[in-house]
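Below: the structure, in structure tokens.
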Amino acid sequence: MRLWFDILTPKQVNFFKPVIDELKDHEILCTSRAFRETIELAKIRGLDLEVIGNYGLTLYDKLVISAERIHKLASIINDYKPDKLVTFSSPDACRVAFGLKIPILCFNDSPHAEAVCKLTIPLVDKLMYPWIIPREEFTRYGINNKKLIPYKALDPSIWIKPIRNSNKNFILFRLEESKAAYLHNKRSIALELLDRIAERYNVIALARYEDQINAIKNSGINVLEDVIDGLMLLKDAALFIGSGGTMNCEAALLGIPNIIYNMKDIHINRYLITNKLSYTFDTIDEIIESIPRLMDAREEFQANSKKVLSSMEDLKKRIVDEIEKN
């Protein structure tokens, strides 16, 4: 079988790499776009990507760059002629595959990202997603209920492994995906919260964009400028504070105390909070006050994570089996 993966984010590098490693008997093309964190993490993971096109930061850039990338991909994929596209809801790849009548196996755990969902979900042949998300969150975008395939796992379960963490004396802080369409024009408390925490604790900040890096450096806070394997830092952190994205879920499943300061109402984060794998608070003051208590509750976090992980299915096997179906 000839397969095409379009891998756009660091999360997708981690998610698809174990799957690709199991598909050695197939011919595989992995495409991506010029996004710093994705390309550098792929190098760390040993995943070969063919970089096509760029990442738009403004709404206008997103529109124009996507159109240019679709044009470039169309030529490449028309020659490659894959039997199937495997994608984590890439609008560009889905449009190309749909236009060339290539079957699409799609993944999505973010129905709140309306722009991406509207541009992908109506076009796909099968959609796989975590079981905790109601079907209605996807059928509202126009996909037939029969195309939905839930799995009983959270996405990071496919790549995280049990770790021996050393619980060093620092807090790891991750800034949000500020350029994403679903956060457009929304106020962020990230920098204010980071400044307040840094007044009392040793903090290492992980930023996504140059403007974030520069803002943090101007505050005199330790910020990592190079892309690294985030799991290597997570395992040593006394506490992780994030915007409710992939690293919060990683921390939760690793049993690392963590706080979600944004996107607390999406389905994945509700599940983490309900199962006491993550915590969230209404104000910056409440977050600051909770830090000592949560850092002391590491054993409780670890016990909760083991319980939840043991209930999940083997996601890698489930995905490989689905890909290899005709």
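The values are calculated or read from the model by the stated rules, or taken from the named source; none is laboratory data. Quick caveat, the model's predicted, so the values are computed rather than measured. Glycine also receives a Cβ, built like all others from the backbone with ideal geometry; neighbour counts cover every protein chain displayed.
Looking at (1) surrounded by fewer than 21 Cβ atoms within 10 Å (Cβ to Cβ); (2) modelled with pLDDT of 90 or more, which is the one condition that is false for LYS168?
(2)
Residue check: is GLU50 over 20 Å from PRO156 (Cα atoms) and over 19 Å from the mean Cα position of the chain (by Cα)?
In short, yes.
Restricting the search to region 171-194, which residues are in a loop (DSSP other than H, G, I, E, B), surrounded by fewer than 16 Cβ atoms within 10 Å (Cβ to Cβ) and at pLDDT 70 or above?
SER188, ILE189 - these are the residues of region 171-194 that are in a loop (DSSP other than H, G, I, E, B), surrounded by fewer than 16 Cβ atoms within 10 Å (Cβ to Cβ) and at pLDDT 70 or above.
Can you give me the number of residues within region 7-19 that are touching a Leu at 6+ places or on another chain (Cβ under 7 Å) and buried (at least 21 other Cβ atoms within 10 Å of the Cβ)?
3
Look through region 217-238, keep the residues that are of a type outside the set (S, T, N, Q) and more than 23 Å from the chain's Cα centre (by Cα), and return whichever of them is surrounded by the fewest Cβ atoms within 10 Å (Cβ to Cβ).
GLY220
So is MET263 within 19 Å of the chain's Cα centre (by Cα), part of a helix (DSSP H, G or I) and not aromatic (Phe, Trp, Tyr) or not?
No: the conditions fail for MET263.
Surrounded by fewer than 18 Cβ atoms within 10 Å (Cβ to Cβ) and touching a Leu at 6+ places or on another chain (Cβ under 8 Å) - does that describe any residue in region 104-123?
No, region 104-123 contains no residue that is surrounded by fewer than 18 Cβ atoms within 10 Å (Cβ to Cβ) and touching a Leu at 6+ places or on another chain (Cβ under 8 Å).
Show the residue pairs meeting these rules: Cβ distance below 7 Å; 6+ apart or different chains; first residue within region 24-47 and under 21 Å from GLY230 (Cβ atoms); second residue of a type in the set (Val, Ile, Thr) and surrounded by fewer than 16 Cβ atoms within 10 Å (Cβ to Cβ).
Filtered contacts from region 24-47: SER32/VAL51; ARG33/VAL51; ALA34/VAL51; ILE39/VAL51.
Considering only region 195-213, how many residues are at pLDDT 90 or above, assigned to a helix (DSSP H, G or I) and among the acidic types (Asp, Glu)?
1
Quick one: which of ILE256, ILE268, ILE241 is within 21 Å of the chain's Cα centre (by Cα), within 22 Å of GLU177 (Cα to Cα), at pLDDT 90 or above and part of a loop (DSSP other than H, G, I, E, B)?
ILE256
Report yes if ARG318 is in the same structural domain as VAL19 (by TED's automatic domain parsing) and of a type outside the set (Val, Ile, Thr), otherwise no.
Spelling it out, ARG318 is indeed in the same structural domain as VAL19 (by TED's automatic domain parsing) and of a type outside the set (Val, Ile, Thr).
Within region 289-326, can you find the residues that are among the basic types (Lys, Arg) and not in a helix (DSSP H, G or I)?
LYS325
Of all residues in region 271-283, which are outside any loop (DSSP other than H, G, I, E, B) and either in contact with a helix residue (DSSP H, G or I) (Cβ under 7 Å, 6 or more places away or on another chain) or buried (at least 21 other Cβ atoms within 10 Å of the Cβ) (or both)?
LEU272, TYR279, THR280
List, please: which pairs have Cβ atoms under 7 Å, are six or more places apart or on different chains, and start with a residue in region 145-162 that is more than 17 Å from ARG270 (Cβ to Cβ) and end with one that is assigned to a strand (DSSP E or B)?
LYS147/LYS126; LYS147/LEU127; LEU148/LEU127; ILE149/LYS126; ILE149/LEU127; ILE149/MET128; TYR151/MET128; TYR151/PRO130
Test ILE121 against the stated conditions and say whether it is closer than 15 Å to LEU3 by Cα and of a type in the set (A, V, I, L, M, F, W, C).
no
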